[in-house]
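Visitor: Have a look at this one.
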Amino acid sequence: MKKVLSLSILFLSSSLMFAQNARVQIIHNCADPVADTVNIYLDNAPLLTDFAFRSATAFTNVQAGAPITLSVLPKGETDTANAVFSTSLTLTPNEAYVIVASGIVDTASFASKEFFSLEVYAGALETSQNPGSTSILIHHGSPDAPGVDVEEVGVMAGTTANNLSYPDFQPYIPFITLDYILRVYDSTQTVSVGEYLAPLQTLNLADSAAVVLASGFLNTLANPGPSFVVLAILPNGQILELPQTTANVQIIHNSPDILAGQVDIWVNTQKALSNVAFRTATSYLPLPANADFTVSILPGGSSDTAGAVYKESYNLMRDSAYLIVATGLIDPSNYSVNEPFELVEFPARQSARVAGNTDVLVYHGAPDAPAVDVNERTVPVTGLIDSLVYGDFVGYLPLVTADYELEIAANSDQSVVAVYSAPLSTLNLQDSSLVVLASGFLDTVQGGTGNPINAPEFGLWVALPGGGNLIPLPVISGLGDQEGEKLEDIAVYPNPASGFLNIINPTSDAGVLEIEVMSMNGVSFISERWQAESGSTYTLQIDTLPQGLYLVRLTDENQNQYLEKVLVR
C-alpha cells in the first residue's frame, strides 16, 4: 500500500533550523516496470515510501539555501548506497519547483535508451499567473516519443508548444479557463500523435496552475511498459488522465479464407482484439480520433505485429462513426478468384436517421459472386439495388420497418441466385441501422480449385450495431431452386415460453431439420437436430436459457429456413 510521508511534518525541525524553504512537487513518471513503486530519500531520511508510478505529491515546504541529496531507491530498499539514482540540489529560498522522475532504470530491456533522471523545473506555479485563467506547464515525459508540437484546435487558440523534445519543459502559458482540445503532432507536423480533451472550465481550474505531461511509451512492443497517455497534475497532487478524442468503429470479419478463420486485430503496438472469428462483428469501439494509427491483421494467437497478413493506416474524424470490413483472401492462390485480403472502410450510422425506419447498408463481399441486382418482392421494388459488384457498398437505404423478401439476381442475365427473407419488423429493428453482407462462395468446389478446403457457402448475413455473430437471412428460395420449400407450415409454441418449446410439423415430411436458438445478436445457445416427419412434434428444452428475447431458426437440408422470435420468461 502506498504510503506518502508528510513533508511538512518531516521538515518541521529543518524549517526551524534554517527558516528558509522552497516549495516542491514531486511526480513519479518513470515508466520502467521495475520502478513501478520507489522509495525517495532526502539525504539519509525517507521522504516518500512506496511512491507509485503516475502519482504526485502536493507542493510542500522543503529546506532551501543549502545542498540536499535526493536518492531514488527500489521498492523495499532502505540503504541509499543502493539507490538507482542520486542527485545533489541547492534549492533557492521562496522558489517553487516541479521535480519529475523520468526515463528508464534498466535500458537493456528497452529500445529507448533514455536513462533514469530527475528533471527539475524552477519557477513552478501553484496559482495562475493571471486572474480567471489557468497556467499550464507542459512536460515531454515519454522516452520513445519524438519531438512534438502541441496545437489547440477546440477554440483555435493555436500552437502551445513548438518542437518540444524529451525531457524538456514548455514554460507556463496562461489559458483563459475554457474547455480545450490539444492535438499533438511530431515536430515535422506530418504525423498526428493524438488529440486530447483539456476541460479546464469543467474541472473548475480558474485561478489554478497545472502540469500537463506525456507519460508512457508509444511503442510498447519495443519498450515493454505502460502505454502513452497525457496527464494533468494539479498543485494538490491530484492526477487526471486527459481523455483522448475518439471515433466509433465497428469491425466486421467477412474474409472467407480458411487462413483467416480467427484473427487478431492490433492497433499500433497494442492487441485490440483476440481470435476474432469469421462472420462476427465487434460492437462500436472507441478508436483514437485525429491520430495516425495502424491496424494490423494477424492469425489468432499472435504475440506481436511481425508477419501481419495486412496493415492499413487510419486517421479518423472526431465524434464520427465508421464501418471497417475485412474481406477477400489471404492466399488467393488457393482459390479460383484473385481477390486479395483488405480492410474496406465506410462512414457508418449507429441508428436510423428517421424514427420508425431501419437504415440498411449493403456490402457485396462474396469474392466469386458476379455483379448482382437486388429486387424487393413484397412491395414490390424492382431495381432496389442495381449492378452491385464485389467490394462495393450501397447505402444507407432508409427502409420502412417491415418484413421484406429480397431477390438476388445476376446483373448479366437476371438469373436468380437466391431469395431471402429480411424480417425487419419481426425482429423489432425499427430505429436501428444494420449492415447486410453477401458472404462466402457461390461455388464451394471451385473455391478450392480442385482441392476443396471447406470454403463457406454463399449467403446474406446481417451485422447489428451491438456486434456478435452475424445473423443469416433465411433462404426462401435457395441458389437456383426457386421452388424450394419455405417451411411455412412449421409452428413454434408457446410464445412466450418457459422451460420448453414445442415445434410442430403438421403436413409435409421436411426431413432432417437443424434447430438453433440464438440471442438477438447471433450468439448460439442451443443446437439440435430433428427428423421432422409429417405430423410430428419436437419438444425443445429451454430451461437453461436466461430470460430474454431469442431467435429460433430451423434449417432443412436444402438450406430453406424458418425464423421465429420467442420471448423466454
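Visitor: Determine the calculated [θ] at 222 nm for the chain from helices alone, applying -39500 (n - 2.57) to every DSSP H run no shorter than 4 residues and normalising by the residue count; nearest 500 deg cm²/dmol. Don't skip to the end; give the middle numbers.
Guide: Numbers: 2 runs with 11 residues, N = 569.
Mean residue ellipticity at 222 nm (helix-derived): -500 deg cm²/dmol.
Visitor: Starting with the highest mean, order 324-331, 420-427 by the number of other Cβ atoms within 10 Å, averaged over the residues of each peptide. It would help to have the intermediate numbers written out before the result.
Guide: Values: 324-331: 21.8, 420-427: 19.6.
Answer by packing, highest mean first, reads 324-331, 420-427.
Visitor: Over the chain, what is the mean sequence separation of C-alpha contacts under 8 Å (at least six apart), divided by residue count, expressed as relative contact order in percent?
Guide: Relative contact order, the chain: 8 percent.
Visitor: Where the only charges are on Cβ atoms (+1 Lys, Arg; -1 Asp, Glu), what is the dipole of the chain about its Cα centre, to the nearest 20 debye?
Guide: The calculation lands at about 2040 debye.
Visitor: Over the chain, how many pairs of lysines fall under 18 Å by alpha carbon, counting only those 8 or more apart in sequence or from different chains?
Guide: Details: Lys2/Lys75; Lys3/Lys75; Lys271/Lys311; Lys486/Lys565.
For the chain, the number of qualifying lysine pairs is 4.
Readers should treat all values here as calculations from the given coordinates under stated rules, not as data from a laboratory. Everything quoted here is computed from the prediction, not taken from an experiment. Don't worry about glycine lacking a Cβ; one is built from the backbone with ideal geometry, like all the others, and counts go over all protein chains shown.
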